[in-house]
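Everything below concerns the one structure shown next.
Bear in mind these aren't lab numbers, they're just calculated from the coordinates by the rules spelled out. Small disclaimer: the values here were computed from a predicted structure and weren't measured. With ideal geometry, Cβ positions are generated from the backbone for all residues, glycine too; neighbour counts draw on all protein chains shown.
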Amino acid sequence: MRSSLHKTALIIPAAGSGERLGANLPKALVQVVGRTLIEHAVTSLSPIANQVIIAAPAGYEEQFRKLFGDSVEVVTGGKTRSESVSFALKKVKAENQFVLVHDAARALASTELGQRVVAELANGAKAVIPTLPVSDTIKAVDEMGHVVTTPARETLRIVQTPQGFDLATLITAHASGDDATDDAGLVEAQGVKVHTVNGEARALKITTKEDLTTATNILLGLNLEVRTGIGVDSHAFAKSGERMLWLAGLLWSDEIGLEGHSDGDVALHAICDALLAASELGDLGSNFGTSDPKYKGAAGSLLLKETLARVKSAGFTVSNVSVQIVGNRPKIGTRRSEAITVISNLLDGAPVSVSATTTDGLGFTGEGKGLSAIATAIVIKK
């Protein structure tokens, strides 16, 4: 963050759900090309801000603090967007003249877009929003779905963020206690003229899986190196019930465990193999060999954390991981969501897919003698 003639605070309301993105975590923590949406947003706009405040979902505050350390302030978000911004606004230092309010979902908005907004504020505007012209024909309809009117699209604009405001103006608008879909709406209600600057296509709002694909394609056009790795692991069931079954990072207390130098978690081991292969770091055996007593009985979660550390040290970030477990038991479907959450957390929030299949009685897994897993990992290097 840098100081400037016109000191600016950045507020990012990030309490939205990632449900429509198919994620079991807040939208801001969903990853695109190896980084969370909130990391992309902060990276782009923090260079023009003296203070960054994130309104995080209740219960996730520490995860956001872990991402940024002391470089940002984290407050607990509210039930609505307006409430979240109001909570964050109370933390803005009086030395700031301007405030940018930015949606974490518009993670790809550029530094230059923020600079355009601040420049207009510096020219005397009390409120500034970036906009794009509307190219489609727009219809207004009634409650029955019948067309009422066709507004002239020449006067219509698509509104984006970051939206910029004079600090006093925004404080007054939020003091009204009203709610709106954006902060400009609150300011308009106070009779303040809202100025516009040119927006940008890359500042799209990432709401659906299709939007994630679009965002990925935008980022992959920025000279990023994408690599894929495949990992496979197999273990036989133990002959006695003395070993516990660890699978996909979960303890299956009613099942017999797998033989192995470590805990035998074939899913996590396969993921480790895939990540190491994608990053050209060898394989599980060459990194955590059976000759090393340090890893005797080691949890698969420990191996995966260590693998992630080595992948990061090599300059890569994890884009996504998929693992399929092969065997007759246990039934993965009953705990699939739990497994996805555990593995994703071990990978710092990377998207994870977990599936299972059988071999129709063929091979050692089909005969119920053990389990296998096949994993695919995609890593990104700039």
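The chain: longest stretch without exposed GluC sites (Glu not before Pro) (DSSP loop, at most 10 other Cβ within 10 Å), sites themselves excluded? Of all site-free stretches, the longest is 1-142. For a 31 Å ceiling on Cα separation, which of these pairs sit above it: LYS305/LYS331; LYS7/LYS305; LYS66/LYS209? As for pairs spanning more than 31 Å Cα to Cα, those are LYS7/LYS305.
Each part reduced to its alpha carbon centroid, region 104-174 and region 289-324 end up 45 Å apart.
Between the residues ALA175, HIS146, ASN123, the greatest Cα displacement towards the positive end of the dipole of the chain, with unit charges on the Cβ of Lys, Arg, Asp and Glu, is found for ASN123.
DSSP beta bridges fully contained in the chain are about 65 percent antiparallel. Taking the Cα centre of region 8-220 as reference, the dipole from Cβ charges on Lys and Arg (+1) and Asp and Glu (-1) amounts to some 280 debye.
Rounded to the nearest 20, the Cβ-based charge dipole of region 235-341 about its Cα centre (Lys and Arg +1, Asp and Glu -1) stands at 180 debye. Using only side-chain charges placed at the Cβ, +1 for Lys and Arg and -1 for Asp and Glu, the dipole size of the chain relative to its Cα centre rounds to 500 debye.
For the chain, a Kirkwood hydrodynamic radius built from all Cα pairs, placed in the Stokes-Einstein relation at 4 °C and 1.567 mPa s, yields a translational diffusion coefficient of 56 µm²/s.
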